[in-house]
1. Kindly give the semi-axes, whole Å and largest first, of the ellipsoid equivalent to the stretch 35-200, taking each as the square root of 5 times a Cα gyration tensor eigenvalue.
2. Please state, rounded to one decimal and in Å, the Kirkwood hydrodynamic radius that the stretch 137-190 gives when every pair of distinct Cα atoms enters the mean of 1/r.
3. Counting Lys and Arg as +1 and Asp and Glu as -1, each charge on the Cβ, what is the dipole of the stretch 35-200 about the Cα centre in debye, to the nearest 20?
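What follows draws every value from the coordinates through simple rules; no lab data is involved. Please read these numbers as outputs of a predicted model, since none were measured by experiment. Note that each Cβ is placed from the backbone with ideal geometry, even for glycine, and that neighbours are counted across all protein chains shown.
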Amino acid sequence: MTSPRSAPPLPPPPPSAEAALTLAEAALAAAGAWTRPLDPARHGRAISQLYSALRDVGIATRGLAIWQPADAQPRTQPEFERHMTSSAQWLLSAWISLEGVLAFEGLGQLPDLEEPGVALCRAARGTILAWRQPSGTSADRDLTIRRLITAMGFLSAATVSLATYSPRQRAIDLQAVGASLAEVTTHLTAAIHETDNGTAPRPGQEPAWHQPGGPE
């Protein structure tokens, strides 16, 4: 009796900075595709794709918070971790702003696999594995975060475009997403500044859902 073959090993995750670049490129393509009016089904699917991407990148960014390169200044790590954790919290706050939107995954007509939103979801999902146990130098870490900042800019532009052609309540939800993404960028920028010279300006308040007394 022959023994069953073991499954082939999964390929290793891409380097953290490479995953961030893939995310930024996918966000740029989605932002470009969503600048023009979309038919109702495509518009709803785009919002669902944004919803999924925000969730996955928020989860993945938690992993970046624990990145401690051997050549980093120990005194900067606590503030770096705080800013990156806040970035993840604001990304998840943006996701929660769209929780009234039913995620498209597995429901209804399947999207065209060439849609930019599909590539965005794939890139966002890829960051979870790539950033789970990040490693590399301080330069690698900073490059990853700078590319993530770039991706946030493209996602913000995409959000503005989707809000422009949305019903009033959905537009309000998307505006809340845009405000949360602005906070993400503030914290990511502060994290880079922290690694540059050990000091950083304090950004805005924590998301309401994470403040003391709020829901965990």
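1. 31, 16, 12
2. 11.9 Å
3. On the way: 15 positive and 16 negative charges, 43 e Å.
Magnitude of the dipole: close to 200 debye.
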